[in-house]
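J.: One structure, pasted below without further comment.
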Amino acid sequence: MSDLQKSPSYALAAAIIGASLIVGTLVVSAAVYKVKALNKNLSVTGSAERIIRSDTVKWKAHVTRSVMGDGLAAGSRSLRQDLNSALEHLAQNGIADKEVNAASMEVTPTCGGQNQYYGSQDCGPNPIIGYTLTQSFTVESPEVDKITDVSRNAATALLEKGIVFSSDSIDYYYSKLTDLKLDMLSEATRDAKARAGRIAAATGAKLGSVQSASMGVFQITAVNSTEISDYGAYDTSTIDKKVTAVVRAAFALP
């Protein structure tokens with residue numbers, strides 16, 4: 001053994017190097033174990049789709065009257081008559097009174113001058129030369145097809161009677177969405193498991209139990225729509241809809 005090897009400084013350096021090698025080996029071993037542990041799970045995405053038909057319709061419409069500045073009282077009475085005529089038309093077409101909800105009358109001033117508005121009920125420095133009276137109502141019913149047909153023909157029928165009638169919107173909903181979501185989540189989870197099973201079998205691995213699962217957003221779109229939203233979509237413009245559910249799941253690989 002040389003004099004250098006006998007020196008205290010040489011012994012200290014050797015000890016430090018040896019300890020470093022041991023620590024380095026442990027770190028590498030831990031990293032390898034972590035990588036192997038991570039590879040014990042197989043993550044997949046499952047999905048389910050269904051075509052549903054809306055079972056609830058909500059139709060919003062209104063009648064209007066325009067009057068001169070001194071004709072507010074008479075215009076209000078005429079508008080009530082117009083509303084009654086509209087409701088009679090609905091009743092004659094099989095829409096029950098309990099399905100109709102009338103809102104409060106709205107009065108909007110018609111301004112003279114430069115026709116500038118200063119707030120919803122104020123013409124500012126311009127004179128009020130008249131008013132537009134609006135009476136809105138909403139029909140909500142499970143009879144989707146009937147309400148849809150009435151909404152399409154109401155304007156023509158009432159305009160022929162001298163009533164200014166307009167449809168605001170018609171929206172379609174599905175009332176059993178909560179139960180549907182639960183069923184579709186089960187379907188999507190089964191689809192995820194089937195996909196994971198095929199992947200595991202192709203690699204010679206054995207599929208274990210579910211380690212984690214998370215639900216993605218629901219997409220409710222028109223049947224032929226390609227619309228997708230990170231926050232989920234809910235189409236109300238069509239009677240028939242496509243519902244898509246997504247589940248992300250991780251399975252153990254024993």
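J.: Heavy-atom accessible area of residue 53 with all protein chains present, probe 1.4 Å, nearest 10 Å²?
T.: In the full protein context, residue 53 sits at about 110 Å².
J.: Would you list which aspartates and glutamates come within 17 Å of residue 161, measuring only between C-alpha atoms, while excluding same-chain residues fewer than 8 positions from it?
T.: 82, 88
J.: Let me ask something else. Using 0.36 nm per residue, how much length does the chain from residue 70 to residue 103 gain when fully extended, once their Cα-Cα distance is taken away?
T.: Details: separation 33, 0.36 × 33 = 11.88 nm, distance 2.42 nm.
Net length gain for the segment: 9.5 nm.
J.: Cross-link list 60/241; 60/98; 98/242; 181/241; 146/181: which exceed 23 angstrom alpha carbon to alpha carbon? Walk me through the numbers on the way to the answer.
T.: Numbers: 60/241 21 Å; 60/98 15 Å; 98/242 30 Å; 181/241 14 Å; 146/181 28 Å.
With Cα atoms farther than 23 Å apart: 98/242; 146/181.
J.: Given a 1.4 Å probe and heavy atoms of the protein chains only, how would you sort 234, 131, 173, largest accessible area at the top?
T.: 234, 173, 131
J.: Give the value in nm², to one decimal: projected area of the alpha carbon convex hull of segment 119-253, averaged over all directions. Could you put the intermediate results ahead of the total?
T.: On the way: hull surface 58.1 nm².
One quarter of the hull surface, i.e. the mean projection, equals 14.5 nm².
J.: Ok, one more. Which ³J(HN,Hα) values in Hz, rounded to whole numbers, follow from the phi angles of segment 212-223 under the Karplus curve 6.51 cos²θ - 1.76 cosθ + 1.60, where θ = phi - 60° and Gly and Pro get x?
T.: In residue order, the calculated couplings are 7, 8, 9, 8, x, 6, 8, 10, 10, 10, 4, 4 Hz.
J.: Still on this structure: At what distance in nm do the modelled label points of residue 41 and residue 194 sit from each other, each positioned 7 Å from its Cα along Cα→Cβ?
T.: 2.5
The values are calculated or read from the model by the stated rules, or taken from the named source; none is laboratory data. Treat the numbers as computed from the prediction; the structure is a model and nothing was measured. Using ideal geometry, Cβ is built from the backbone for each residue, glycine included, and neighbour counts are taken over all protein chains shown. Surface areas here come from the heavy atoms of the whole protein model, side chains and all, with no ligands, DNA or RNA. Shrake-Rupley method; radii C 1.70, N 1.55, O 1.52, S 1.80 Å.
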